[in-house]
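The values are calculated or read from the model by the stated rules, or taken from the named source; none is laboratory data. Keep in mind that what you see is a predicted model, and the values were worked out from it rather than measured. Neighbour counts run over all protein chains shown; Cβ positions are idealised from the backbone, glycine included. The protein model used for the area step is the full one, side chains on, heavy atoms only, and it has no ligands, DNA or RNA in it. Shrake-Rupley method; radii C 1.70, N 1.55, O 1.52, S 1.80 Å.
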Amino acid sequence: MSTEAIPAEKSKRNYNALFGLTLLALLVLLWVILSLSTSSFASANNISNLLRQGSMIAILAVGQTFVIITGGIDLSVGAVVGFATVIAAMLINAGIPVFLAIAITLLVGVAIGLFHGFGIVKMGLPPFIITLATLTSLRGIGLLMTNGNSISINNDAFQEFSRNSFLGVPNLFWMVILVGIPAYIFLHHSRWGRYLFSVGSNAEASRLSGVNVQRTIYMAYTLSGLCAAFVGVLLASRIGIGNPTQAEGWELQAIASSVIGGTSLFGAVGSVHGPLLGAFILATINNGANLLNVNAFWQRIITGVLIIVIVYFDGLRRRGGK
Amino acid sequence: MTSTAQDLHPAPVLEPGRTILELRGLEKKYPGTHALKPVTLAFKSGEIHAIVGENGAGKSTLIKLLTGVMPRTSGEVIWEGNPAALATPHEAMALGINAVHQEVVLCRHLTVAANMFLGEENSRFGILQQRVMVKEAQKIIDDLGFDLPAHVMLGDLTIGQQQLIAAARATVRGTKFLIFDEPTAYLTRKEADQLFTLIRRLKSEGVTIIYISHRMEEVFELADRVSVLRDGTLVGTRNIAETNDAELVKLMINRSIEQVYHKEHFTPGAAIVETRNLSGKGFENVSMTVRAGEIVGLYGLIGAGRSEFVTTLYGRHRKSAGQILWEGKPVQVNSEHDAIRLGMALAPESRRDQGLCLNLPVGLNLNLPIYKRISKNLLISGAQEKAQADRQIADLRIKTPTRHALASSLSGGNQQKIVIGKWLAHGAKLFIFDEPTVGVDVGTKAEIYRLFGALLSKGAGIILISSYLPEVYELADTLHVFRRGKLVATHGFRTADHEEILTQALAEKQEKLGGKI
Ligand SMILES: Nc1ncnc2c1ncn2[C@@H]1O[C@H](COP(=O)(O)OP(=O)(O)OP(=O)(O)O)[C@@H](O)[C@H]1O
Ligand SMILES: [Mg+2]
């Protein structure tokens with residue numbers, strides 16, 4: 001058996017780490033370029049702002065990634081964020097203690113995720129369809145509940161949270177770490193993480209190997225719903241209002257972050273650190289474009305081009321081994 | 001539209017014995033594996049040239065280079081005197097080189113007929129000529145002597161049947177050079193015979209054939225010459241009349257094997273599982289018992305209902321009637337989860353569709369059934385995960401650079417070893433092996449049979465399904481014959497001869513045919 005371990009094999013094994021480093025390098029490069037070409041980018045104020053912007057999409061992208069790894073998609077997350085701001089605002093304004101209000105909002109997110117799991121597993125609906133349906137109807141339900149008005153939250157402590165920093169780093173960014181570390185352990189070091197990958201790769205083979213495929217799918221969508229509701233709470237805190245039409249298009253930004261971070265839409269390929277970096281790369285591009293006075297329309301085009309370029313090179317590398 | 005099957009593959013005008021295809025230093029490197037070291041070899045037109053070698057020796061790689069599926073690293077290919085780039089499958093086909101690959105690469109969601117003409121529907125049939133297409137495909141299939149319908153979805157056929165369709169498909173496109181990569185792996189003797197008839201006919205029409213197989217008797221039955229690959233190196237080419245089984249095996253693995261079918265006999269213990277008149281989709285009224293320490297073999301033609309029976313026993317499909325007793329007590333097996341909890345393990349028939357997560361690492365595939373055991377609460381023990389995977393890789397001699405390599409990068413036979421290996425550490429009481437040694441080389445087969453013995457000695461029972469009669473014949477303590485979804489005969493260890501068992505597996509079909517004539 002002369003299977004010579006040519007170095008190429010090692011790099012393949014460390015492929016995930018390598019790809020992550022490449023993304024990190026890209027992010028740092030963007031930051032260096034922007035620091036040199038604008039006077040305002042490197043200011044503490046702007047960096048904090050950027051981190052706040054990126055944090056929410058980053059958390060959404062983590063939940064989205066769990067779903068995409070199983071071979072699915074969750075189009076509802078933007079709508080869930082908007083809906084969650086309404087729930088949180090109503091509960092807090094009703095005088096319910098903030099922590100309880102947050103817990104209930106998160107439970108609503110879990111319930112929405114479970115509903116998606118039910119639609120996919122029990123009703124046999126494609127993920128695209130059931131989450132698209134939720135996307136439109138949740139916004140509708142939110143509008144009904146608020147009569148189309150915004151609810152402004154009258155609790156200063158709640159809003160303070162997202163404006164404050166801890167150790168010089170915005171609280172919102174700490175939330176990314178709060179979500180990211182358990183998510184990393186869950187995906188890469190727990191049994192259920194392995195099951196997410198195996199279901200995404202071959203559901204039938206997983207099933208015959210004793211993996212509870214249905215439960216795995218429920219879990220993925222529930223976690224995505226939970227992340228979205230959590231982001232809803234953060235957004236309510238940041239903006240101070242509950243409005244169901246907020247976070248328009250965030251589902252696409254979350255998917256884009258995930259894909260830029262190396263997640264394959266065919267399933268079974270993905271990580272936690274990739275989408276996080278992807279989200280901050282997108283946030284940096286938007287922020288930089290603003291500072292450089294680039295037309296907002298161009299920002300969208302740049303994002304699109306970036307998605308194509310990164311996914312193309314990633315695909316080249318993966319196929320290179322074949 | 002009046003063309004007959006005959007003139008669909010017009011006899012190439014080639015004088016036999018002339019060199020048609022020549023390899024000069026053909027080489028292939030994958031990242032991490034030197035799959036094919038420079039090979040120089042000439043194929044004569046009109047010969048049947050067998051290629052044999054261990055799993056991972058480089059046989060399929062050679063085929064992929066010849067059919068333009070993979071680019072070569074270096075070397076030259078000379079086709080009818082001219083260098084050929086063979087950069088795309090299209091180019092190979094245009095030259096007249098076709099292949100029936102080891103893994104069926106057709107569309108499961110199209111009809112058999114659509115698959116037969118895939119890629120040339122337009123030139124041959126205008127739009128919406130579905131019925132003409134089905135009719136024509138049916139004619140070709142009948143003409144080849146395959147008993148298969150042309151209008152059904154390909155995915156509804158068993159893998160063996162799909163393999164036959166792939167063979168039929170390759171023959172309809174004016175081919176001069178046809179490669180079969182382990183075509184009989186999933187076929188029973190009868191279907192294999194139909195295929196051999198087809199191969200001989202093609203040869204008589206002047207087609208050059210490469211035939212890859214792990215079954216020596218097929219090589220001696222069919223081939224004119226045989227080449228042996230070992231670890232990517234061509235170690236010899238022999239005229240079939242001037243060699244023998246032992247020499248080829250010696251060339252292949254560089255040592256000799258005294259006994260492939262290693263059979264240990266144990267006194268059977270208590271019944272582990274018993275079915276009473278179990279019926280379901282594809283089989284009815286099957287009653288049998290598996291006891292601790294015995295191998296129960298199931299033999300039958302493709303589509304005889306053996307796989308359906310075991311997947312139903314395993315809870316994957318619903319039973320329509322009957323009873324399952326586990327260790328003497330009636331049980332409900334409503335899902336594979338229930339089955340695994342009771343202590344069943346199933347290595348399914350199709351490694352690609354049911355057995356493997358192809359784009360995931362070898363290690364993850366091997367550990368999938370036992371993650372619960374090697375994790376505390378939810379967290380996986382990295383050390384155990386590594387140890388378990390590496391043990392199976394060593395025990396089954398799975399040829400892979402590391403456990404991190406993707407399952408898809410392994411050779412067919414080595415993938416098959418994962419399908420079996422993942423259950424060996426599971427500690428089940430009843431092991432169901434559905435075609436466990438498909439595409440596995442002789443040396444490893446012997447190893448797997450020895451592992452069967454080890455499982456039995458620990459008090460497990462085994463259900464062994466094989467379409468390869470010698471395998472069930474030499475290993476099964478109890479041998480059940482299936483025919484058209486029914487259990488029609490039962491034998492003890494070697495109490496019936498091959499002839500009798502074959503007749504029982506076939507009988508009904510022959511009666512039916514007899515009635516027609
Ligand atoms: N896409 C790939 N990437 C990396 N390595 C590969 C790839 N395909 C095959 N290999 C390696 O090349 C070697 C030869 O594989 P090949 O499929 O040619 O073997 P084979 O002789 O056909 O074996 P089998 O009898 O099991 O079908 C093996 O070690 C295999 O792991
Ligand atoms: Mg092969």
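Couple of notes before you dig in:
- Checking B:A50, B:A57 one by one, the residue that is of a type in the set (A, V, I, L, M, F, W, C), within 16 Å of ligand 2 (Cβ to nearest atom), open to solvent by less than 10 Å² (accessible area, probe 1.4 Å) and not in a strand (DSSP E or B) is B:A57 and no other.
- The numbered conditions (1) away from ligand 2 (no atom under 16 Å from the Cβ); (2) touching a residue at least 12 places away in the same chain (Cβ under 8 Å); (3) more than 26 Å from B:F196 (Cα to Cα); (4) in contact with a helix residue (DSSP H, G or I) (Cβ under 6 Å, 6 or more places away or on another chain) are all true for B:T40 except (4).
- Counting residues in the range B:175-188 that are away from ligand 1 (no atom under 16 Å from the Cβ), in contact with a strand residue (DSSP E or B) (Cβ under 6 Å, 6 or more places away or on another chain), more than 14 Å from every other protein chain (Cβ to nearest Cβ) and more than 13 Å from B:N98 (Cβ to Cβ) gives zero.
- Yes/no for B:I420 being among the β-branched types (V, I, T), within 16 Å of ligand 2 (Cβ to nearest atom), under 21 Å from the mean Cα position of the chain (by Cα) and open to solvent by less than 20 Å² (accessible area, probe 1.4 Å): no
- Residues considered: B:L41, B:L36, B:L26. Of these, the only one that is part of a strand (DSSP E or B) and either within 12 Å of another protein chain (Cβ to nearest Cβ) or within 12 Å of ligand 1 (Cβ to nearest atom) (or both) is B:L36.
- Output for the range B:244-288, where each listed residue is open to solvent by less than 80 Å² (accessible area, probe 1.4 Å) and part of a helix (DSSP H, G or I): B:D245, B:A246, B:E247, B:L248, B:V249, B:L251, B:M252, B:I253
- Taken over the range B:60-86, the residue count meeting the criterion of being assigned to a strand (DSSP E or B) and surrounded by 23 or more Cβ atoms within 10 Å (Cβ to Cβ) is 0.
- Restricting the range B:423-439 to residues that are more than 16 Å from ligand 1 (Cβ to nearest atom) and more than 12 Å from every other protein chain (Cβ to nearest Cβ), the residue that is most open to solvent (accessible area, probe 1.4 Å): B:K429
- Residue among B:K376, B:K386 that is open to solvent by 10 Å² or more (accessible area, probe 1.4 Å) and within 12 Å of chain A (Cβ to nearest Cβ): B:K376
- Considering only residues in the range A:177-202 that are touching a residue at least 24 places away in the same chain (Cβ under 8 Å) and open to solvent by 40 Å² or more (accessible area, probe 1.4 Å), the one that is farthest from B:L406 (Cα to Cα) turns out to be A:Y184.
- Of the residues in the range B:138-159, at least one is out of contact with any helix residue (DSSP H, G or I) (no Cβ under 6 Å at 6 or more places or on another chain), of a type outside the set (D, E) and within 16 Å of ligand 2 (Cβ to nearest atom).
- Residue match in the range A:196-203 (condition: touching a Ser or Thr at 6+ places or on another chain (Cβ under 9 Å) and among the aromatic types (F, W, Y)): yes
- Count of the range B:44-65 residues which are more than 15 Å from ligand 1 (Cβ to nearest atom) and of a type in the set (V, I, T): 1
- Helices (runs of 4 or more DSSP H) within the range A:132-242 that include 2 or more residues away from every other protein chain (no Cβ under 14 Å): A:156-163, A:171-189, A:213-239
- Any hit, the range B:69-83, residues being more than 16 Å from ligand 2 (Cβ to nearest atom), touching a residue at least 60 places away in the same chain (Cβ under 8 Å), away from chain A (no Cβ under 14 Å) and aromatic (F, W, Y): no
- Residue list for the range B:440-458, filter: part of a loop (DSSP other than H, G, I, E, B) and either open to solvent by 10 Å² or more (accessible area, probe 1.4 Å) or more than 16 Å from ligand 2 (Cβ to nearest atom) (or both): B:K458
- Residues (part of a loop (DSSP other than H, G, I, E, B) and within 11 Å of another protein chain (Cβ to nearest Cβ)) located in the range B:392-410: B:R397, B:I398, B:K399, B:T400, B:P401, B:T402, B:R403, B:H404, B:A405, B:L410
- Residue in the range B:217-224 that is touching a residue at least 12 places away in the same chain (Cβ under 8 Å), within 16 Å of ligand 2 (Cβ to nearest atom) and away from chain A (no Cβ under 14 Å) present: yes
- B:D156, sole failed condition from (1) at pLDDT below 85; (2) open to solvent by less than 20 Å² (accessible area, probe 1.4 Å): (2)
- Of all residues in the range B:407-417, those that are aliphatic (A, V, I, L, M) and either within 16 Å of the chain's Cα centre (by Cα) or within 8 Å of ligand 1 (Cβ to nearest atom) (or both) total 1.
- Test: A:I68 is within 22 Å of A:L277 (Cβ to Cβ) and open to solvent by 10 Å² or more (accessible area, probe 1.4 Å): no
- When the range B:351-365 is filtered for residues that are more than 8 Å from chain A (Cβ to nearest Cβ) and in contact with an Asp or Glu (Cβ under 9 Å, 6 or more places away or on another chain), the ones remaining, listed by number, are B:R351, B:R352, B:G363.
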